[in-house]
Amino acid sequence: MTETLTRPPVDAAPPPRQPTKRRRRAVAEEPGKPWMIRVPLVLYLLFTLIPFYWMLVFAVRPAGSTQLVPWPISLEHFDTVWNDIGFGIFFYNSVVMGLGVLVFVTILSVMGGYALARFKFRGQRVFLLAMLCSQFIPGAMMLIPLFVIFKGLGLLNSITGLIIAEVAFQLPLSLILMAGFIRNISVELEEAAMVDGCSRTRAFFAVVLPQLKPALVAVGSFAFIGAWNQFLFALMFATRQDKFTLPVGLSYTLGEFNTDFGALAAGGVVAAVPVVLVFAVVQRFLVQGLSAGAVKG
Amino acid sequence: MRKLLVAVAAAALALSACSSEGGAGSDGEVTITFWDNNGGPAREPIYKELITRFEAANPKIKVEYVGIPSASVQQKYDTAIAGGETPDVGGVTTSYLAHLVGQEALAPLDDRINGGPLKDKLLPSLVETVRQTAPDGKLYIVPSSANMDIVWYRTDWFQDAGLEAPKTWDEFISTATKLTDAGANKYGYTIRGGAGSVFQLITEAYAYSGVDNFFKDGQSTLGDPANAELVDKIADLYKKATPEADVNNSFTQMIAQFTGGSVAMMHHNLGSYSDVTKALGDKVAAMPLPVGPSGKRTVVPNPTDGFAVFRNSENQDAAWKFAEFLTSAESNSYWNEKVGQIPANTDVRSAAWIDSAAHVKMALGVLEDPATVLVPAPVYLPQYSSITKTDSEPQYQKVLLGELSAQQFLDDVAKKLTEAQKEWEDRK
């Protein structure tokens with residue numbers, strides 16, 4: 001069994017050797033050969049993928065099985081986590097929370113970021129500094145004050161409360177990021193639009209927003225994933241099981257004495273798949289977004 | 001968006017008028033909240049069944065079950081206490097009982113226990129452990145079950161090798177060595193070297209040394225040379241009769257190795273019963289921790305599980321009714337049979353299932369044996385957990401790797417425990 005597992009890297013190693021001289025010259029005057037890059041990369045890829053593979057194996061093979069390549073695939077663990085443990089509800093809660101945070105963080109950071117980038121106002125530097133400083137406060141320290149406030153507002157045991165808390169924690173960084181993106185969009189374009197008769201609002205929607213697409217995707221997807229993985233607040237603010245989110249649900253499957261690895265792995269797959277999907281869809285924009293304005297033309 | 005705005009607005013308006021879910025309804029019906037301190041799919045159905053039975057017997061009381069992941073339960077209680085949102089009844093073990101009592105979160109239960117059917121029905125050793133945990137010696141939880149450290153072993157491996165379950169530590173070590181075949185990825189034993197290691201190591205050390213008190217004249221006995229001898233022996237086994245990865249083993253990895261079939265013996269407690277039997281069926285059995293050269297059996301008891309009624313509860317009577325119901329002979333029997341632990345209600349001892357649950361019977365036998373000496377670890381010390389976990393677990397790893405002597409290691413821990421104990425005595 002182990003042989004079949006270890007073989008792929010051996011098989012995968014030869015192809016890098018094939019490239020001809022021409023190709024090597026194309027990679028400029030880099031010293032060394034392509035395999036010097038590819039072999040470590042393949043190893044690194046295996047290193048990152050093996051835990052995922054392991055999780056998948058545990059999730060789809062029947063309890064007690066020790067197969068390395070599970071066949072036939074059993075979905076019993078998914079049935080357990082989804083129906084018996086309640087991952088169906090946890091998943092729904094997580095989606096609502098993730099989307100809520102995504103929408104609010106994106107809208108608010110665009111609005112705030114635009115103000116920071118385009119207007120001068122009194123106390124701007126202090127405001128930015130305060131934003132930065134807020135990042136130094138760990139969430140755990142805010143836990144009890146927030147708990148007391150939320151209790152007073154009746155926001156415990158509600159996804160709305162979680163969204164508010166998470167947006168508050170994510171907004172400063174997103175705002176600063178967004179302001180940076182907007183600063184890199186030339187003011188001249190906006191001014192030209194306004195000369196042509198656009199109002200500032202219309203200029204924003206017609207000229208700035210389309211160029212912000214990569215930034216929106218970057219900020220939005222990070223907001224979503226941050227919310228998706230939020231554990232501490234979700235755990236502490238929910239005292240009803242129907243308000244648990246996925247990370248809390250996952251830790252719920254870990255008993256002090258009993259751990260159902262199959263269920264845990266299946267839960268892990270349920271929690272990981274949306275994140276993988278989000279990144280698969282947006283990664284093209286993400287790289288654009290993060291490097292936008294890195295080099296000024 | 002609109003829903004959120006409405007919620008915020010409504011909440012702001014209702015700032016002063018907090019909702020109180022636990023209050024009595026107009027028809028005299030009350031809802032109480034119950035927190036399971038080790039929530040999870042394994043225990044939830046057991047409690048749900050008991051709650052159904054309770055609600056059938058008490059139609060005016062509704063119980064809302066909340067399972068708390070065991071890893072976060074202490075933090076969850078702390079937050080709830082600070083925020084004034086405690087449940088009515090909660091599962092609490094003696095390992096963090098002192099901490100909760102210190103925050104005056106719990107209601108004392110002495111009068112309630114003595115005034116009802118539970119009077120004289122609870123295992124005296126457990127009641128004593130609970131009393132010792134609170135600074136004022138009162139009962140803040142009604143004990144429900146106890147756990148004991150044992151060694152799970154593979155009966156099939158033992159049979160194939162023609163070996164018997166070891167009775168002394170020397171036999172244990174030679175057995176572990178004999179059962180090891182590193183080439184075939186089979187090892188005689190697995191050491192817990194990661195999270196939770198020192199808790200277990202302490203029980204092993206006292207089982208070996210036979211030292212019968214955790215403190216003598218206010219000084220911790222952990223540094224006793226006989227204790228160090230055992231730690232040396234265990235460290236000697238590392239990599240010879242145990243997998244090399246053991247140095248980082250927490251419970252999860254340890255049990256994965258055992259149930260995965262690469263290890264013959266694993267020191268844990270009765271709590272892992274369902275895991276090991278689910279994976280290995282009747283190929284697994286339990287034995288008590290071996291005894292040392294003194295031949296005396298010394299047991300460091302595990303934290304005792306129980307139910308607490310919270311002081312903040314508006315329905316303390318209903319809350320107690322539920323806690324009492326959970327510890328009644330019938331419920332206590334049902335619960336402990338399912339999780340495979342030692343029932344606190346002495347009426348349960350005659351229950352039929354105890355005869356067929358070999359591991360519980362074995363553990364009860366050890367606890368009932370008049371020759372057994374109980375050496376309670378000072379779990380009541382507020383620093384106990386940090387001393388035995390954060391401070392000493394990395395040091396123990398150094399011992400396993402041969403970078404620190406066992407004696408030096410134990411002396412350091414003993415010194416910290418002595419200081420903590422002195423502080424505790426001074427405050428009493």
Under the span-like rule (Cα at least 24 Å along the axis, Kyte-Doolittle mean at least 0.0), DSSP H helices of chain B: none
Taking N as its residue count, the alpha carbon Rg of the stretch A:145-222 over 2.2 N^0.38 Å: 1.55
Cα gyration tensor, the stretch B:207-318 - rounded (a/c under 1.5), prolate or oblate: oblate
Over 29 Å between alpha carbons, listed pairs B:338/B:415; B:121/B:416; B:186/B:278; B:283/B:338: B:338/B:415; B:121/B:416
Gain on full stretching of the segment that runs from residue B:401 to residue B:240 - 0.36 nm per residue minus C-alpha separation: 56.7 nm
Per-pair calculated FRET efficiency, R0 = 51 Å: residue A:187 and residue A:144 via Cβ, rounded to 0.05: 0.70
log₁₀ of I(q)/I(0) at q = 0.12, 0.16 Å⁻¹ - the stretch B:85-217, Debye sum with one point per alpha carbon: -0.72, -0.95
Gain upon complete extension [residue B:233, residue B:128; 0.36 nm per residue less C-alpha separation]: 34.5 nm
The stretch A:94-241 - charge dipole about Cα centre, Lys and Arg +1 at Cβ, Asp and Glu -1, debye rounded to 20: 280 debye
Inter-centroid distance (Cα atoms) of the stretch B:350-411 relative to the stretch B:293-343, Å: 19 Å
Kirkwood hydrodynamic radius over Cα pairs of the stretch B:158-199, then Stokes diffusion coefficient at 10 °C and 1.306 mPa s, in µm²/s: 137 µm²/s
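In peptide B:251-259, how many Cβ atoms from other protein chains are near each Cβ within 10 Å, on average?
Values: counts 5, 4, 0, 0, 4, 3, 0, 0, 3.
Mean partner-chain Cβ count within 10 Å for B:251-259: 2.
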Karplus (6.51, -1.76, 1.60) ³J(HN,Hα), θ = phi - 60°, over the stretch A:155-167, in Hz, Gly and Pro reported as x: 9, 5, 6, 9, 5, 4, x, 4, 5, 4, 4, 5, 4
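Considering every residue in A:75-85, what mean count of other chain Cβ atoms within 10 Å of its Cβ is obtained?
Partner Cβ neighbours, averaged per residue: 1.
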Order of exposure, largest accessible area first, which applies to B:43, B:131 with probe 1.4 Å: B:131, B:43
Euclidean distance between Cα centres, the stretch A:42-121 to the stretch B:75-109, Å: 33 Å
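Using the Cα atoms of the stretch B:261-312 to build a convex hull, what is its mean projected area in square nanometres?
6.6 nm²
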Per-pair calculated FRET efficiency, R0 = 30 Å: residue A:92 and residue A:44 via Cβ, rounded to 0.05: 0.25
For residue B:291, distant residues with modelled amide H under 5 Å away: B:168, B:169
Two-decimal Rg to Rh for the protein assembly as shown - Kirkwood Rh, Cα set: 1.02
Full-stretch length increase - residue B:184, residue B:352 - with 0.36 nm per residue and alpha-carbon distance subtracted: 56.3 nm
Packing-based ranking, highest mean first, of A:260-272, B:75-87, B:52-64 given that Cβ atoms within 10 Å are counted: A:260-272, B:75-87, B:52-64
Mean separation of Cα contacts under 8 Å (6+ apart) over length of chain B, as relative contact order %: 24 percent
D (Stokes-Einstein, µm²/s), Kirkwood Cα radius, chain B, 1.306 mPa s at 10 °C: 69 µm²/s
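What does the convex hull of the Cα atoms come to per residue for the stretch A:232-287, in Å³?
116 Å³
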Note, ³J(HN,Hα) from phi for the stretch A:121-126, Karplus 6.51, -1.76, 1.60, rounded to Hz, x at Gly and Pro: 9, 4, x, 4, 5, 4
Rounded to 5, the percent of DSSP beta bridges in the protein assembly as shown classed as antiparallel: 65 percent
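Can you tell me the FRET efficiency between residue B:71 and residue A:195 if r is taken as the Cβ-Cβ distance and R0 is 56 Å, rounded to the nearest 0.05?
Computed FRET efficiency for residue B:71 and residue A:195 comes out at 0.35.
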Nonlocal amide H pairs with residue B:64, under 5 Å, H built at 1.01 Å: B:32, B:33, B:34
Semi-axis lengths (Å, descending) of the ellipsoid that matches the C-alpha gyration tensor of the stretch B:285-404: 32, 25, 12
Inter-label distance, nm, simple model (7 Å from Cα along the C-beta direction), residue B:423/residue B:167: 4.4 nm
Alpha-carbon centroids, the stretch B:135-163 and the stretch B:198-248: separation in whole Å: 18 Å
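The values are calculated or read from the model by the stated rules, or taken from the named source; none is laboratory data. Quantities reported herein were computed from a predicted structural model and do not represent experimental measurements. FYI the Cβ positions are ideal-geometry reconstructions off the backbone, even for glycines, and counts take in every protein chain you see. Just so you know, the surface numbers come from the protein's heavy atoms only, side chains and all, with ligands and any DNA or RNA stripped out. Shrake-Rupley method; radii C 1.70, N 1.55, O 1.52, S 1.80 Å.
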